[in-house]
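What follows is a set of notes on a single structure, which appears directly below.
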Amino acid sequence: MLMQRITSGIPGFDKIVGGGIPEGYMVLVSGGCGAGKTVFGMQFLCSHDEGGIYVSFGEEPDQLREISKGFGWHTDKMEKSKKFRFLRYDPFRIEDIFEIVENNIKETQARRIVIDSISSLGVHSDNVSELRRTLFQLDNLMKKNKCTTILVSEITEPGKISKFGIEEFVCDGVVVLENTLAGTKYKRRMHIMKMRGSEHSLYAHEYVITHNGMKVM
């Protein structure tokens, strides 16, 4: 049976992951400051007419709406259609987040979810085992509701590809975004570290962020 895939909405990206993101996958998108993690997530949600939910543990919905407008993604219209929502949630009140997210999925019929970010989600606990359990719960919830999920993570230490060092083992796919200084100019590169069941690219791919969003070269 062929794996069903969905378009990411990011020009050039689907080609390097084997034809799109496998439906129902939870994909970790990690990177440092200025790498474009939020842009990746917003473009994934806004480039289609399916239902979508952006769960934020940091930025306020109004900030995200303004970021989206800068790329020509008018989320206000999408929100009025009742198929798109921003959810801002306090990471220190994690107990009922799964129920809230699931209720919103059912109300919007969402099939695409962005969680921004796992770094904030993990601040309520220093216990790695508990965080791993939380991630498995999240993954099971998304798969049960047939949602494809982008899980955002900050990279704060050189050589790491996630905040806590366990996310990459739980997620079905791992995309690492780099924004490094090359001479006198910053260069952005993308690595597909993992995409289960896919013949994905093993190379580093340059990408740009323009007024139209992200594009993989």
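The values are calculated or read from the model by the stated rules, or taken from the named source; none is laboratory data. Only a predicted model underlies this, so the values are computations on that prediction, with no experimental measurement involved. Note: ideal-geometry Cβ built from the backbone for every residue, glycine included; neighbour counts use all protein chains shown. When the accessible area is computed, the model is the full protein with side chains, heavy atoms only, and any ligands, DNA or RNA have been set aside. Shrake-Rupley method; radii C 1.70, N 1.55, O 1.52, S 1.80 Å.
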(request) Please state which of the following conditions Ala182 fails to meet, knowing it meets all the rest: (1) over 29 Å from Thr108 (Cα atoms); (2) of a type in the set (A, V, I, L, M); (3) in contact with a strand residue (DSSP E or B) (Cβ under 7 Å, 6 or more places away or on another chain). (result) (3)
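Scanning for something open to solvent by 40 Å² or more (accessible area, probe 1.4 Å), under 23 Å from Arg196 (Cα atoms) and outside any loop (DSSP other than H, G, I, E, B), does the range 1-8 turn up at least one residue? Before the answer, list the steps.
Just the residues of the range 1-8 that are open to solvent by 40 Å² or more (accessible area, probe 1.4 Å), to begin with: 1-5, 7.
Narrowing the set further to residues that are under 23 Å from Arg196 (Cα atoms) leaves 1-5, 7.
Those left that are additionally outside any loop (DSSP other than H, G, I, E, B): 5.
Yes: one or more hits.
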(request) Determine if the range 52-75 includes at least one residue that is within 15 Å of the chain's Cα centre (by Cα), closer than 15 Å to Thr149 by Cβ and open to solvent by 30 Å² or more (accessible area, probe 1.4 Å). (result) no
(message) Can you pull out every residue in the range 193-213 that is closer than 24 Å to Pro158 by Cβ and out of contact with any strand residue (DSSP E or B) (no Cβ under 6 Å at 6 or more places or on another chain)?
(response) Leu202, Tyr203, Ile209
(message) Given (1) more than 15 Å from Gly173 (Cα to Cα); (2) in a loop (DSSP other than H, G, I, E, B); (3) touching a residue at least 40 places away in the same chain (Cβ under 8 Å); (4) of a type outside the set (Val, Ile, Thr), identify the lone condition not met by Gly18.
(response) (1)
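Condition check ((1) at pLDDT 90 or above; (2) closer than 21 Å to Met42 by Cα) across all residues:
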| residue | (1), (2) |
| --- | --- |
| Ile113 | yes, yes |
| Ser119 | no, yes |
| Asp126 | no, no |
| Thr134 | no, no |
| Met142 | yes, yes |
| Val176 | yes, yes |
| Leu181 | no, no |
(request) State the number of residues belonging to the range 197-217 that are among the aromatic types (Phe, Trp, Tyr) and open to solvent by 40 Å² or more (accessible area, probe 1.4 Å). (result) 1
(request) Give the residues of the range 128-165 that are open to solvent by 10 Å² or more (accessible area, probe 1.4 Å) and part of a loop (DSSP other than H, G, I, E, B), sorted by residue number. (result) Asn145, Lys146, Ile155, Thr156, Glu157, Pro158, Gly159, Lys160, Ile161, Lys163, Phe164, Gly165
(request) Take the residues in the range 183-196 that are farther than 16 Å from Lys37 by Cα and at pLDDT 95 or above, then tell me which one is surrounded by the fewest Cβ atoms within 10 Å (Cβ to Cβ). (result) Arg196
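Given the criterion in contact (Cβ under 8 Å) with a residue 24 or more places away in the chain and in a strand (DSSP E or B), identify the matching residue among Leu28, Leu45. It would help to see each step written out before you state the result.
Working: Leu45 fails: in a strand (DSSP E or B).
From the options Leu28, Leu45, the qualifying one is Leu28.
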